[in-house]
Amino acid sequence: NPIIQGRMNDPRDSNYVNNYTRNIVVFGNTAYITNWNSKLLGIIDVTDKNNPIEKTNYKGIIENAIPTSMALEGDALYISYLTDPVGLFTSLAVFNIQEPAKPKLRIELNENTFRITDIEVNDNFLFLALDTGDVLIMKKP
């Protein structure tokens, strides 16, 4: 039976409570999470699974962006996000996470013809699931 080891849910921390954690990727002892309502990228130290600790968070890391999916490969963190208030279009941001607690924006790709619903990274390619039912395959930027 699964046993809960720890939880990042401090009732005093409005960043995480009732903010609809959308995505999580973990590399080593660092977890990256995105929240839908707070437009947040959270960086969590999960070295002690019984006591995860927030390293830092970035609200509105991309102004007015609502994250929809995320993937991680090497020192690159890929985040797709809604770019308009109605939620019709998405963009893709690539962050350098060589310093896990200090992600730096590498590149931002804007695409106003579809919504990205999921991201996978394999070798030198990104596989983007689209709300149209299609899969877009592109070389990593």
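The values are calculated or read from the model by the stated rules, or taken from the named source; none is laboratory data. Computed from a prediction, not measured in an experiment: that's the story for all the values here. Cβ atoms come from the backbone with ideal geometry, glycine included; neighbour counts cover every protein chain shown. Note: accessible area is taken over every heavy atom of the protein model, side chains too, but ligands, DNA and RNA are not part of it. Shrake-Rupley method; radii C 1.70, N 1.55, O 1.52, S 1.80 Å.
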Checklist entry - List the pairs whose first member sits in the range 21-34 and is in a loop (DSSP other than H, G, I, E, B), whose second member is aliphatic (A, V, I, L, M), and whose Cβ atoms are under 7 Å apart, counting only residues at least 6 apart or on separate chains? => result ASN29/VAL46
Checklist entry - Looking only at strands (runs of 3 or more DSSP E) that fall completely inside the range 67-141, which ones have 2 or more residues that are touching a Lys or Arg at 6+ places or on another chain (Cβ under 9 Å)? => result 76-82, 90-96, 125-130
Checklist entry - Is it the case that the range 36-43 has a residue that's aromatic (Phe, Trp, Tyr), open to solvent by less than 20 Å² (accessible area, probe 1.4 Å) and either modelled with pLDDT of 85 or more or under 15 Å from the mean Cα position of the chain (by Cα) (or both)? => result no
Item to check | Among (1) of a type outside the set (Phe, Trp, Tyr); (2) within 18 Å of PHE95 (Cα to Cα); (3) loosely packed, with under 11 Cβ neighbours inside 10 Å; (4) modelled with pLDDT under 85, the one test that GLY28 misses | outcome: (4)
Checklist entry - Tell me, which residue of the range 110-141 that is surrounded by 15 or more Cβ atoms within 10 Å (Cβ to Cβ) and of a type in the set (A, V, I, L, M, F, W, C) is farthest from ALA76 (Cα to Cα)? => result PHE114
Checklist entry - Are any of the residues in the range 124-135 small (Gly, Ala, Ser), under 15 Å from the mean Cα position of the chain (by Cα) and at pLDDT below 90? => result no
